[in-house]
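See below for the structure under consideration.
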Amino acid sequence: MTNRIIKVFGKSISIDAVVHLWDDALGFDAYDRTKFVHTEENRKTGKIQKRVVKGRRYSWRKRKPDKIKSIVIHHTGGLRADTAFNTLHRERGLSVHFIVDDKGRIYQTLDLDCITWHAGKANATSVGIEACLYPDAFKRPNMYSPERCRRFGVMPHDIDYQIINGSKRRVFLMPDIQVRSIAKLCAAIWQGLERADSPEFPTHIGRTYYPLWREHEGLLLHSHITPRKWDAVGFDLARLRALVKNHFWGSMPF
């Protein structure tokens, strides 16, 4: 049976999307503390070196719902959810609460009482969402070619230009089903946190660094917090904000 709930501090919150929890056969378990040996090339010396990733990939401190102020959205830089999880968890020793693939499937890797390592100084007060997307259509314009889509089992992606932190970039766009799943997920998280109003994006700055992010309660992009970042891209910010608001009010009991 297809799961259609997420977990928010142990509560089951219904959502109109396919969800794989961390204990599902098809899920990704960020509670796993297995040691992994990652082999990589040193960029400076060119030598092959081994790096061990072991232990907990999230903070040992637990938090309460009222400590969460924001939902931070990233893009993965890759095509698939399994690749994104393996890169974060097994290679970089990082974590995120949710991964949303380009077919709209949601993978929850941890409950929200855990502080994941995804946004630096915003970790303790945020929920992290990674959207599966290779963003740079200028660098690799054939990333989502029909052959590669068939090979990796991913969706076709259109291309457009977006302004991020003052720079115009040619980017791949997320499929509509993925954007809608992200909107449903954000609304469900906020509902599970028992917030009275739907989460808001900063409205007056677009896609750029937001100096008031610490006080903001709602949705943020990683680039709102850190100027050197340009994730997440590939969707219309105003449309996502409207979708989140519609899903939030539609899911509330009043």
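For this structure, a couple of remarks:
- Amide hydrogen proximity for residue 133: with H placed 1.01 Å from N in the peptide plane, the residues at 5 or more positions away or on another chain lying under 5 Å are 76, 77, 78.
- For segment 93-169, the square roots a ≥ b ≥ c of the C-alpha gyration tensor eigenvalues yield an a/c of 1.5 or more together with a/b not exceeding b/c, which makes the shape oblate.
- In sequence order, calculated HN-Hα J values of segment 52-66 (Karplus, 6.51, -1.76, 1.60; Hz; x Gly/Pro): 9, 10, 9, x, 6, 9, 8, 5, 6, 6, 8, 10, 9, x, 6
- The chain, relative contact order [Cα under 8 Å, separation at least 6], %: 20 percent
- From helices alone, the chain scores -5500 deg cm²/dmol at 222 nm; the rule is -39500 (n - 2.57) for each run of n ≥ 4 DSSP H residues, then divide by the residue total.
- Segment 25-57: chymotrypsin sites (Phe, Trp or Tyr not before Pro) in DSSP coil with no more than 16 other Cβ atoms inside 10 Å: 31
- Listed peptides 54-63, 72-81, 41-50, 3-12 by packing density, highest first (mean Cβ within 10 Å): 72-81, 3-12, 54-63, 41-50
- For segment 233-252 versus segment 74-153, the gap between their alpha-carbon centres in whole angstrom: 20 Å
- Cα-based shape type of segment 5-251, given that a ≥ b ≥ c are square roots of the gyration tensor eigenvalues and the cut on a/c is 1.5: rounded
- Sorted by Cβ neighbour density within 10 Å, fewest at the top, the residues 223, 126, 167: 167, 223, 126
- Close amide H partners of residue 113, meaning residues 5 or more places away or on another chain with modelled amide H under 5 Å apart, are 9.
- In order along segment 121-131, phi translates into HN-Hα couplings of 5, 9, 4, 5, 10, 9, 10, x, 10, 9, 9 Hz, rounded to whole numbers, per the Karplus curve 6.51 cos²θ - 1.76 cosθ + 1.60 with θ = phi - 60° and x for Gly and Pro.
- Segment 50-109: C-alpha gyration tensor shape, a/c 1.5 cut-off, then a/b vs b/c: oblate
- Applying the criteria of a DSSP loop state and at most 14 other Cβ atoms within 10 Å to the trypsin sites (Lys or Arg not before Pro) of segment 128-184 yields 139.
Any read-out appearing in this document is the output of simple, stated calculations on the displayed coordinates, not a laboratory observation. Everything quoted here is computed from the prediction, not taken from an experiment. FYI the Cβ positions are ideal-geometry reconstructions off the backbone, even for glycines, and counts take in every protein chain you see.
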